[in-house]
Amino acid sequence: MGTSDPTVKTNVAVDETGVDTETILQTRDLRKEFGGLTATDDIDFGIDEGELRCLIGPNGAGKSTFVKLLTGRLEPTDGSIYYDGSEITTLPSHERVTRGISIKFQVPSIYPNLTVRENIRIPLQTVADPANFEERTHELLERFHLAETGDEMASTLSHGQQQRLEIAMAMSLEPNLMLLDEPVAGLSVEETSEIADLLTTINEEDGVAFIVIEHDIDFVESIADQVTVLHQGEIFTEGSIADIRNDPDVRRIYLGEEE
């Protein structure tokens, strides 16, 4: 997996994602095999600082496996992952978080038996200055429209509110890159629109880069700078949402349309 010389590894990581590049994350030849099944096949994927990228593809395309490789939940069979000037291929998940990668999976990972405010405080206490801890807690509750429910148990929130709470928890860590797995699954049209506005605001005002896995093509169209299509474990194509929508091969594999 990659090269064994640490000096060479450092040089490659700096070349790929260092201060002289706009790229914040880059994978090279990223492969994951489960027995005889290749889930991701030599993926070269890069995202720039402040970019909002959506990742789409049919079921079984390798999207979830790819994100688990990026987050450290899975270790690749081969290939390398570079982030912000360092190689993180074998770095544990919690160390990736401390380096500026926040993660939000499809099912909200909140603490249902704690209040909304307490949920915010748990990740915030790892990064916030004690002098402005309460002020920062209040800012996050206000920004994510959770102030009125701050003292309620997180289990009582609607699904949409729970999604916003988990995004707030991820943002409390002041990330440079956020990975979201189907953030609007199960949401109403109104809630989906709220999440779209929230993500684009964070992207534009805070400069946070996003990799968003999503099936809802209308949601993708409302937020994405660029779109990457995965198919059978490989990058099938990349481009603007207009390019993707107008690509007959993408419509065939992803939207189920016949030629």
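Could you identify the single residue in S80, S86, S158, S109 that is small (G, A, S) and at pLDDT below 90?
S109
Could you list all residues from the stretch 51-74 that are of a type in the set (D, E, K, R) and either touching a His at 6+ places or on another chain (Cβ under 8 Å) or modelled with pLDDT under 95 (or both)?
K63, K68, R73
Tally the residues that are in contact with a strand residue (DSSP E or B) (Cβ under 8 Å, 6 or more places away or on another chain) and open to solvent by less than 10 Å² (accessible area, probe 1.4 Å), restricting the search to the stretch 143-162.
Taking the stretch 143-162 as the starting set, the residues that turn out to be in contact with a strand residue (DSSP E or B) (Cβ under 8 Å, 6 or more places away or on another chain) are 150-154.
Subsequent filtering for residues that are open to solvent by less than 10 Å² (accessible area, probe 1.4 Å) retains 150, 154.
Residues flagged as in contact with a strand residue (DSSP E or B) (Cβ under 8 Å, 6 or more places away or on another chain) and open to solvent by less than 10 Å² (accessible area, probe 1.4 Å) within the stretch 143-162 amount to 2.
Testing K104 on (1) modelled with pLDDT under 95; (2) farther than 25 Å from D48 by Cβ; (3) of a type outside the set (G, A, S); (4) surrounded by 13 or more Cβ atoms within 10 Å (Cβ to Cβ), one condition comes back false. Which one is that?
Evaluating K104 over (1) modelled with pLDDT under 95; (2) farther than 25 Å from D48 by Cβ; (3) of a type outside the set (G, A, S); (4) surrounded by 13 or more Cβ atoms within 10 Å (Cβ to Cβ) leaves (2) as the failure.
Consider only pairs whose beta carbons are under 8 Å apart and that are at least six residues apart or on different chains; among these, list those whose first residue lies in the stretch 115-142 and is loosely packed, with under 15 Cβ neighbours inside 10 Å and whose second residue is among the aromatic types (F, W, Y) and assigned to a helix (DSSP H, G or I).
Q125/F133
Out of the residues in the stretch 18-31 that are over 21 Å from V227 (Cβ atoms) and open to solvent by less than 60 Å² (accessible area, probe 1.4 Å), which is modelled with the lowest pLDDT?
Only one residue tops the list, namely G18.
Exactly one of (1) of a type in the set (S, T, N, Q); (2) modelled with pLDDT of 90 or more; (3) out of contact with any helix residue (DSSP H, G or I) (no Cβ under 6 Å at 6 or more places or on another chain) is unmet by T149. Its number?
(3)
Only one of (1) within 22 Å of the chain's Cα centre (by Cα); (2) more than 30 Å from L30 (Cβ to Cβ); (3) not hydrophobic (A, V, I, L, M, F, W, C) is not met by P130, so which one is it?
The failed condition is (1).
Considering only residues of the stretch 61-85 that are over 23 Å from T237 (Cα atoms) and small (G, A, S), which is surrounded by the most Cβ atoms within 10 Å (Cβ to Cβ)?
Here the residue is G72.
Would you mention how many residues in the stretch 197-213 are free of Cβ contacts under 8 Å to residues at least 60 places away in the same chain and either within 16 Å of L25 (Cα to Cα) or within 14 Å of the chain's Cα centre (by Cα) (or both)? Steps first, answer last, please.
Residues of the stretch 197-213 free of Cβ contacts under 8 Å to residues at least 60 places away in the same chain: 197-198, 201-202, 204-206.
Applying the additional criterion that residues be either within 16 Å of L25 (Cα to Cα) or within 14 Å of the chain's Cα centre (by Cα) (or both) yields 202.
Matching residues across the stretch 197-213 total 1.
Working only within the stretch 169-227, note down all residues that are touching a strand residue (DSSP E or B) at 6+ places or on another chain (Cβ under 6 Å) and small (G, A, S).
Passing the criteria: A170, A209, A224.
A131 - would you say it is at pLDDT below 95 and either closer than 22 Å to T201 by Cα or acidic (D, E) (or both)?
Criteria not met by A131.
Looking at (1) under 30 Å from E33 (Cβ atoms); (2) assigned to a helix (DSSP H, G or I), can you tell me which one R245 breaks?
Here R245 meets the rest and fails (1).
Answer yes if at least one residue in the stretch 32-44 is crowded, with 16+ Cβ neighbours inside 10 Å and aromatic (F, W, Y), and no otherwise.
No.
Please go through the stretch 86-96 and give me each residue that is surrounded by 20 or more Cβ atoms within 10 Å (Cβ to Cβ) and under 15 Å from the mean Cα position of the chain (by Cα), ordered by number. First the steps, then the outcome.
We begin by selecting, within the stretch 86-96, every residue surrounded by 20 or more Cβ atoms within 10 Å (Cβ to Cβ); these are 87-89, 96.
Scanning the stretch 86-96 gives a single hit, R96.
The values are calculated or read from the model by the stated rules, or taken from the named source; none is laboratory data. Please read these numbers as outputs of a predicted model, since none were measured by experiment. Please note: Cβ atoms are built from the backbone with ideal geometry, for glycine as well, and neighbour counts cover all protein chains shown. Heads up: the accessible areas ignore ligands, DNA and RNA and are worked out on the full protein's heavy atoms, side chains in. Shrake-Rupley method; radii C 1.70, N 1.55, O 1.52, S 1.80 Å.
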